[in-house]
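Single-structure report; data block below.
Only the coordinates and a few stated rules stand behind these numbers; no lab work does. The structure displayed is predicted, hence computed values, not measured ones. In this analysis, Cβ positions are derived from the backbone assuming ideal geometry, glycine residues included, and neighbour counts consider all displayed protein chains.
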Amino acid sequence: MRISTSQINQHAIDSMLDIARQVNDTRIEISSGRRVNKPSDDPVGAARIVKLKQELALRTQYNRNIDSAEAQLRREEAVLQQVVGVLHRVRELMLSAGSGVKSADDRRFIATEIESRFNELADLMNTRSPTGDYLFAGYQSKQQPFTVNGDQVTYHGDDGRRTVQVDAGHRVAVTDSGRSIFMDVDARGPVFNVAAHPDNDPLAAATITSRGVVDRDAVAAFHPDGLIIEFRPLSESATGSPNFTVRRMSDNRPVEGFENVDFVPDAAIEVAGMSFTIDGQPQVGDRFTVQTTTKQDVLTTVRGAVNGLLNLDPAADAEAFEQMMADTLAGLDNAMNRVLEAQVELGGRLNTLETTREMHSDLELQTQEILSDVRDLDVAEAVSRLAFQSFVLEAVQQSYVRVSRLSLFNRL
Amino acid sequence: MADLFNIGLAGLRAQQAALAVTGHNITNAETPGYSRQRVELAPQVAGSQGGSFLGSGVRIAQVARLSDGFAVAQVRMDTSLFAELSTFHSQIGQIEGLLLNDNSGLDEALKGFFNAIQQASNDPSDSASRQMVLSEAERLSGRFQTLHRRFEEQRDSVANVVSTALVRVNELTVGIAELNTRIAGLQDTANGSGALNHMLDQRDEMLRELAKYVNVKVTEQPDGQVNVFIGKGQSIVLGGQSAELQQTPQGHVALRIDGQREPTRITEFLTGGEIGGALRFRDQVLDPAADQLGRLAFAVSMEVNRLHAGGVDQRGERGGDVFADLNAPELARGRAVADENNSGAPGVMSLTVDDPRQVPISDYELVFDRSGSGAFFIRRGSDGAVVSKGQLAGPLPQQVQFDHMTLTLESGDFRPGDVYHLQPLRGAAGAMDRVLDDPSLLALAGPLRTAESPTNLGTGTLELGEVFDPDHPLFGDDAAPPPLLVRFITPTRYEILDNSDPADPRPLDPPLSNLPYTPGQQNSLLPGPGATVVRFDGAQAGQLGSVTTEATLGGSPNGYPGQTFMVTQRDPATGEVLGQQSLTIDADSSARTIAAQLSTLRGVSATAETELSLSDLVDDGTGDGVGIAINGIDLGNVGSLNELADAINANDALTALGIQASSDGGTLRLRALNGDDLTVQVSGSAGDGVTVHDLDGNAVTLSSSGAGYETVTVGGVVSAWLTADAELSSPTSALMAADPEHRRADLGFQLFLTGRPEAGDSFTVEHNASGIGDNRNGLRLAELLSQPLLGQPPRSLIDDYANLVQSVGVLASQAEISRDAAGAMLEQSTNRRESVAGVNLDEEAANLIRFEQAYNAASQIISVARDTFNTLLSAVR
């Protein structure tokens, strides 16, 4: 076959360009350390790289979530530990108040110490995180969860529990609501809560206050029903004065003997073994609710102990004092158990976090290896490839020079 | 003697010419398109001399051009292919690098955004991590925009390649036509062969260059002219005539033929060459990639916005848009482009994407029928399928739905034959924009929170399910629904009430009461998405029957008519009927029986409840009370409604039937939770009586005559709960209307309850105001990244992007391989052409020597002739 001179030159130039391009590609691979620099280098590998990098980023994020969760749980654990300490101390004080003969002064001293423990406990229950979130307020993290107004303890949080994503489809709770730990504590027997209806005339500011259980059996029989106290029009009273009717919550049936009772401010009203007072100037239509419950919050229990120690004389009110002691000790034990349960559960969650973290680290390592296999360059291979390609380039250059010198014209 | 001189001279002339042609070859060795030439010699034959013919030397037969027409055509074809593939490869090389680059790829930004949401969810009250979410959202939309911009630049570059090529193509066709004319003129004249060779070379070279721009078909005519065709046989050179190619404003290539008013559009027929490569890149790589990116933008913005709207922000308000609405009117209007050949003025229409997860990646065409009847159809570009047919009807606007999109024809003059190009996804990535600008407006909290009543005796735990419709009327404008109360009537029956006044919870509208609960497993408490309820409120339903005097205890029929019910199931998207079932119920059936039978039909679960109230219990004054029996069970003589209520609730037989009474002294409310008929019978002394009321406000007083039982029966009311795809109807109107009102029953969210609640247990669901520590919606948003979302089978956002990277990568690597193969083929065919037409300098050098020797030899002939002549002269002298 004839070969034209321009062809000889063109071939040599083409092959030099081609090899130079290969040398350059190899050089880019070596300098980036990667085998796949653009999708066409390995289309399937490129798609895997995108997915593997996503996998890695997710694992890293999960571990970051676990770190954050762990910090929050450790903080809660520490607080609960302190709460247990306070409850133990109150229990000791109560036992010492009940043992042997104590003078009124002794009891007052003990009451004073329990009072300060009470405040400590309330502070612990209102603990805030470094970012200013209340630990035990549920979702209402900017709202102080527990307020104490006289003997009235109110929970302002909700039942929300924040969770953190620790793995695909796996979340771990990092908060506990104050209600579940401190409010839902079993009392020794049925007790009751009182509340004014939110729609009541705000100017009248009538209040309802609990005076405690007067007949334990009657309350137990009435439980779980509740009472609604509604102020009726003046015309319904025989005397034309402010009057109220007490109804059962379940079916609205008026309680016998409590229909259109004339209102006396701050006088004890006793229904179904429960005693309470209403004060202020309730308006017609104002309503108050009394709800029986078997739960009593831990602050009310401690507060009951303080009041009992200050007001009850073990000699004169022996029965009431005994009952107060029994109520308090049972309430404290139940509260401690409740905190303990929460601690055990918390420990379980911390364990989960730890094992999940280890799993992520293992998987992260594996993913990293796979990613490296897919994406990264075998440097030794690439360097020897570069050496070979440079060698070929030199050979082509030399042969071109040699061949181009061959011309018949040189011999003419 | 003179002959020998002449022979010598002819030899000199011939060898001189040969030397000249060799020189010409040598000097043109590097001239593109040059075909080497060769002097072809032939003996000169003279007349006879003494009976034998003597040759009279040599003559130049022709200067031959060594060219192989087949090889030239092959080079042309391979040039087209190689130019196409290398243009395709160089174009794709410019975008593929972007996709896998950490600084421009979408995956990094997607991860960044969703991880920022997780980080913010870890500590939802931390404003710094909330701000981070917004910054990452900005970065994500920036990435979308950058990629989109680069794609648009690439589109411009394609248009540029095409228009530059077209300019040169037009020059070449003019040149070829001109050469054609000159070649045809020279063909006859014998002495023009040198010039002809040159022109043929020139024309071949022009044709080769033309092939570099676009694939051409060349046919040679007997007179030496060539005709050139492109596409599907459209001629661009016909003898001495050439046609002009131009690019229309919408990027089409059109051929202008003299005498034709409109240029003919030939874009889709063009293959090969730079133009073919650039157009193929645009159609096969750039447009699908831009569409897929657009679909990702749609999916991210619509899904994030949808979930975000299901949450509440730090101010307790419903989440607003995080990303700009990609279906905004000005964007939706830009997606339909009137074809430039339309006869009517461009109409206004908007195209909105309803579900980006299902939209196919394709262009569409809206074509108005040529018949002029106003009929139109929509064709999907990817497979040519007609996805919708319609008819212009009445005044605009008119809506057409197809492939999870909605096209609204707003205004315009739609003429027969008009075409509109629909590009639903093309520009979406460029319009991606973050619009949420205040970190506190990030809705990380869930919209609702649940609480268990502290007085609950059972073990039920309530959990909030998905909020599937944040636009439900219950939520109102500010996403603050009224508090709801879930209350258990019995351990297996519950009701949902509006708890705005906790002392007096009210039924919802339509009421969700007396619903069945299965203890010990997870129950969905609320109707599912799209569920409806039909309440049987026709004649007699729930109303007092006639009063009869019976001799014994027992019931009287409720007087309900019989009726046939039909349930039709339809596909919610298309309305297509999937199935139909019917059921006939006998007259006088109790609501309980009707509900049980209806519940056997697909898509229906029916409940029944009977309720009446008693008042005005009148004792005739003897003080022995009034004798009352309920459903045939004698409850003895009672003195008050309270006493009666207690007696009913204490009766095991009645309780087992699900019959409950509650009395506040003035009114006794009697309910049969299973929907059994309720029969009230009064006996006792004459004058004893009680008034019975039904729910419709009818009342009747049963007054004992002193003998027998005054009896009245009230039937129950059936509520049929229907799934979203079911519809209830009847051929007649009786207990239920023939075409009853289907009221929306779902509340836009779901509740799950597990465990074993007791009667009286209650749970509350309320607006999550100031739920600053709540991150439920944040977690839901973060999950979006790995959820299967797009296409069929569904891929996650990242997987869809990986798929884009892979498909572009595959095309790019294929392009590289094919380009190299085409390069090798071009080299082969060039070699072949060169082997015939190329100049080899060694060969020419040898020829120089050869012809020089021949020249010298010829001059020796002259020398010999001179010697011979001199010899002859000296002999004479």
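In a reduced charge model with +1 at each Lys and Arg Cβ and -1 at each Asp and Glu Cβ, region B:392-480 shows a dipole moment near 240 debye about its Cα centre. Counting Cβ atoms of other protein chains within 10 Å of each residue's Cβ and taking the mean over peptide B:800-813 gives 6. In terms of other Cβ atoms within 10 Å, A:Ser241, B:Ser730, B:Ser141 run from fewest to most in the order A:Ser241, B:Ser730, B:Ser141.
How large is the translational diffusion coefficient of chain A in µm² per second when you combine the Kirkwood radius over alpha carbon pairs with Stokes-Einstein at 10 °C and 1.306 mPa s?
56
For region B:314-461, the relative contact order works out to 33 percent when only alpha carbon pairs closer than 8 Å and six or more residues apart are counted. Compared with the dominant Cα axis of chain B, that is its longest principal axis, helix B:641-650 is turned about 60°. For region A:195-229 versus region B:68-137, the spacing of their alpha-carbon centroids is 68 Å. Excluding same-chain neighbours fewer than eight residues apart, the aspartates and glutamates reachable from B:Lys232 by a Cα-Cα span under 12 Å are B:Glu268.
Annotation: for a label point projected 7 angstrom from Cα along Cα→Cβ of B:Glu262, residues of region B:405-435 with backbone N closer than 12 Å are B:416-419. Count charges around A:Gln389 for me, please; just the other residues with Cβ under 14 Å from its Cβ, Lys/Arg as +1, Asp/Glu as -1. Local charge sum for A:Gln389: -2. Averaging Cα coordinates gives a centre for region B:383-400 and one for region B:765-789; these two points are 40 Å apart. Look at the stretch B:698-711: the mean tally of other chain Cβ atoms within 10 Å of its residues' Cβ atoms is 0. Can you give me the distance in nm between label points at B:Ala596 and B:Gln521, each placed 7 Å from the Cα along the Cα-to-Cβ direction? Once both label points are built, they end up 2.0 nm from each other.
If you look at the Cα atoms of the protein assembly as shown, you get an Rg and a Dmax of 49.1, 195 Å. Normalised Debye scattering of region A:1-127 at q = 0.12, 0.19 Å⁻¹ gives log10 I(q)/I(0) of -0.77, -1.07, counting only Cα atoms as equal scatterers and leaving out solvent.
Basic side chains Lys and Arg get +1 at the Cβ, acidic Asp and Glu get -1 at the Cβ, and with that the dipole of region B:322-365 about its Cα centre reaches some 100 debye. Hey, how many Å between the Cα centroid of region A:117-174 and the Cα centroid of region A:282-338? Each part's Cα centre sits 24 Å from the other's. When peptides A:264-275, B:438-449, B:634-645 are ranked by their average number of other Cβ atoms within 10 Å per residue, the highest-first order is B:438-449, B:634-645, A:264-275.
Listed by chain and number, the lysines placed with their C-alpha closer than 28 angstrom to that of A:Lys51 are A:Lys38, B:Lys111; residues fewer than eight positions away on the same chain are left out. Within the same chain, aspartates and glutamates fewer than 8 places from B:Lys217 are excluded, and of the rest, those with a Cα less than 15 Å from its Cα are B:Asp78, B:Asp204, B:Glu205, B:Glu209.
Listed values for region A:280-288 are Karplus-derived 3J(HN,Hα) couplings in whole Hz (6.51 cos²θ - 1.76 cosθ + 1.60, θ = phi - 60°), namely x, 10, x, 9, 4, x, 5, 10, 9, and x replaces Gly and Pro. If only the Cβ of Lys and Arg carry +1 and only the Cβ of Asp and Glu carry -1, the dipole of the protein assembly as shown around its Cα centre is close to 8220 debye.
What do you get for the angle between helix B:69-99 and the principal long axis of chain B? Use alpha-carbon atoms, 0 to 90 degrees, nearest ten. Tilt relative to chain B: about 40 degrees. The long axis of helix A:318-375 is offset from the longest Cα principal axis of chain A by roughly 10 degrees. The label-point distance for A:Thr239 and B:Thr490, in a model that sets each label 7 Å from Cα toward Cβ, rounds to 4.7 nm.
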